[in-house]
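Read the structure below first, then the notes.
Read the figures in this text as sums done on the coordinates, not as results from a lab. Remember, it's a predicted structure, so these values are computed and weren't measured experimentally. Cβ coordinates were reconstructed from backbone atoms using ideal geometry, including for glycine residues, and neighbour counts include every protein chain displayed.
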Amino acid sequence: MSSHRALPRVFLPGAAMDSPVELPREEFEKLHKVLRLKSGDRIAVLPNDGSLWTCRLEGRSAVPEEQTFPKTESEFAVTLLQALPKADRLETSLRMGTEIGVRKFVLFSSERSVVRWEPGKLESKLLRFRTIIREAAEQSFRSVLPELTVIPDLKAALAEYPDATVLSEREGIESTLWDAASARIAYDESGMALIIGPEGGWAPHELEAIGDRGVTLGPLVLRTDTAGPAAAAAVLFGAYAASRKNSFST
């Protein structure tokens with residue numbers, strides 16, 4: 001496994017690895033010009049199905065040699081729903097969330113979101129964000145790329161994820177994120193959805209809609225691009241620790 005972890009990694013979703021695969025130009029240039037690899041060097045190709053293929057680089061092609069299935073994806077799936085922050089903060093949240101192990105990102109607008117995306121620019125922005133996710137997934141040895149989708153607003157988020165846990169800055173909340181996460185982990189739930197608010201916090205009518213779903217991460221006030229990855233890390237590490245404890249006790 002250590003040798004696989006050391007290999008330069010390239011995601012090629014849907015690639016059929018039964019014969020040499022030609023690498024996309026941008027991936028080949030990264031390997032050739034940035035990493036200084038040459039024909040005969042070995043790389044890892046990830047077809048986005050949970051497998052990893054050790055390949056030999058020959059010109060612009062990856063020649064498959066061995067298939068393995070690295071156990072790097074958490075069985076406890078975390079979906080991170082993020083109210084739109086500024087672009088640089090969203091990029092940070094996507095990158096860190098991917099490295100931590102988030103399974104799916106869902107973006108939505110809230111009343112106090114500073115950013116408003118124009119419909120005509122949506123696809124170009126999503127292309128940029130998916131590139132950030134792919135690069136972070138390659139770096140962190142993910143074997144499946146996280147999904148990225150967009151929905152209209154908090155109302156749609158709560159409708160699509162009725163059991164979601166929402167981080168809230170409202171004073172006096174006694175329920176913590178860990179209370180909600182540990183209950184799900186203990187009852188062998190398959191995962192949970194976390195909703196993160198915007199830079200300006202939730203509007204009063206949004207807090208009303210959130211109701212008793214609101215939890216706290218603690219007494220400190222975190223930026224929105226910190227809160228999402230921090231919450232995901234707490235949940236995923238807890239799930240990982242619980243799975244190791246269960247495996248040792250059986």
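Placing unit charges on each Cβ (+1 for Lys and Arg, -1 for Asp and Glu) gives segment 106-250 a dipole about its Cα centre, and among Leu145, Ile185, Ala242 the Cα reaching farthest toward its positive end belongs to Leu145. Based on DSSP H segments of at least four residues, each scored -39500 (n - 2.57), the chain has a per-residue ellipticity at 222 nm of -11500 deg cm²/dmol.
Scanning residues 5 or more positions from Ser110 or on other chains, those with amide H under 5 Å from its amide H are Leu84, with H placed 1.01 Å from N in the peptide plane. Are there any GluC sites (Glu not before Pro) in segment 179-250 that are in a DSSP loop and have at most 16 other Cβ atoms within 10 Å? List them by number. In loop regions of segment 179-250 (DSSP not H, G, I, E or B), the sparsely surrounded GluC sites (Glu not before Pro) are Glu189.
Charge dipole of the chain (Cα centre as origin; +1 on each Lys and Arg Cβ, -1 on each Asp and Glu Cβ, all else neutral): 860 debye, rounded to the nearest 20. Just how far, in whole angstrom, is segment 182-199 from segment 29-52 if you go by their alpha carbon centroids? One Cα centre to the other: 35 Å.
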